[in-house]
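A short worksheet on the structure shown next.
The numbers here are math on the coordinates, done by the rules we state, and not lab data. Just so we're clear, the structure is a prediction, and the values are computed from it rather than from any experiment. Because the Cβ atoms are built from the backbone with ideal geometry, glycine has one as well, and the counts that use them run over all protein chains shown.
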């Protein structure tokens, strides 16, 4: 087929049902091919128009509806399949449809290969999925004999129903009722890798959080049987396995809370196919990080992931590129290859994706990251995290001040809630010697005046004080107020912030404004850091204070240490 047939011309030809189904099959293959991008808007909507034409032209029965759905699956947006969903809602009767036809129709209407998380199947197909679930529940006896492929289709399609949907309990009931059959198929060795991967992935979307002992026990059995199947290497459980089975299985296990070191130790990754699709690698890395990161990944799995990273082609999305670099680094993998392939995607990153990679890119690429961050902008919280990461590496980039200024302007137009992030931004700006440091401190001071120091928390106050110490702004009264709050409310023992010590060494405090608790904290910090000679002639600690406070410092220190003699 060189182009899609015109619907108006088809109307004049009076095609039979078989001819229409053949046309649908050829057109579906064409739309799923590389030519699909050349079909334009007309091609995107063609399947819906063709389905509507077919339903108007002939009275289709169940087999024809299923064939039409399968021929045109995955050829455009979900809304293309709505006419078939409406037909089913009008003509179906509970118990009348064979279970296999139900699963085939569902797989055709709610296609298997969508990867967009934000994709909404629409109200018609949501209602369709609920009716499919009710039809399945009406024949539980037949459900106990269903084959693995039909279960896989059913689980994969029903898992597309949103968790916050009104009828989600109906969807979940199908999974609960089918779990015994899944376990039985695994124990009999009748479960293929592709089927199990779709089943487990679907369960990971629907059956969470896992709260019952029965489900945990079932998952343990499924994993044990999977290990046995891999050891036997039959029925596709070898390196001929479809590569996407690996991320689907492990991501599903991760969501169900059973991807752990014990299970991974039983699986020899050498048996598994090497991933070549960047999306599959991104999903797998994400699953490992979410399940526990370096705590669960042994050396064999690291070698497998490293081999996959070296074999993937070009990234298919900026999100996959950013996630893979960030997650691989957090797992302790060498990221050189991933970083190189990530370079061409920086111009498409969101600020969240910039955040994922900023800690792991070489310094020469960070300028590109900051340039991209200025273009896409973002919330004050995101900018705070980005600059905090740069501050940890002590890397100052051009355009940083512009980025901070824009984020502060945006924050001024909305109510700020995450004051800890504002404090982190202040600390990062101080380290990076930003021109905006004084302005951020002024905003922090206004927050303290309005809500009190507690709004920032102890860690946040230390960040603000640190920024104050590194800036040109010597606001002694503000520093004393924050120090008093820390001294009176910080109950952490055997932990003193290095930043707080730098503050005490840098700000010319008047300790007559400090409470006794704060003075004791200063003494404690000095003892922990051993940065001063308390009886020495240089009076190091006294340089922090106005002369009038000298007696208070020594009195507090003497009272604290008198019990040791």
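Quick notes on this one:
- Cα-based shape type of region 261-347, given that a ≥ b ≥ c are square roots of the gyration tensor eigenvalues and the cut on a/c is 1.5: prolate
- Region 435-483 versus region 250-285: alpha-carbon centroid distance in Å: 46 Å
- Computed from the alpha carbon positions, the gyration tensor of region 212-324 leads to an equivalent ellipsoid with semi-axes of 23, 17, 13 Å, biggest first.
- Centre-to-centre separation between the Cα atoms of region 8-24 and those of region 175-223: 43 Å.
- Sorted by Cβ neighbour density within 10 Å, fewest at the top, the residues 33, 317, 135: 33, 317, 135
- Counting neighbouring beta carbons within 10 Å and listing from fewest to most, the residues 518, 437 come out as 518, 437.
- Spherically averaged projected area in nm², based on the convex hull that wraps the Cα atoms of region 334-373: 2.5 nm²
- In terms of its C-alpha gyration tensor, region 218-283 comes out oblate, because a/c is 1.5 or above while a/b does not outweigh b/c.
- Whole-number Å³ per residue for the convex hull built on Cα positions in region 168-213: 76 Å³
- Gyration tensor analysis over the Cα atoms of region 155-254 returns equivalent ellipsoid semi-axes of 24, 15, 11 Å (largest first, whole Å).
- FRET efficiency, residue 6 to residue 216 (Cβ-Cβ, R0 45 Å, nearest 0.05): 0.20
- Rounded FRET efficiency, nearest 0.05, which uses the C-beta distance separating residue 515 from residue 234 and R0 of 56 Å: 0.15
- Anisotropy class of region 56-213 from Cα gyration tensor, a/c 1.5 cut: prolate
- Remark on region 261-406: ratio of C-alpha radius of gyration to 2.2 N^0.38 Å is 1.11.
- Cα centroid separation - region 353-404 against region 134-157, whole Å: 50 Å
- Ascending count of other beta-carbon atoms within 10 Å, so fewest first, for 149, 90: 90, 149
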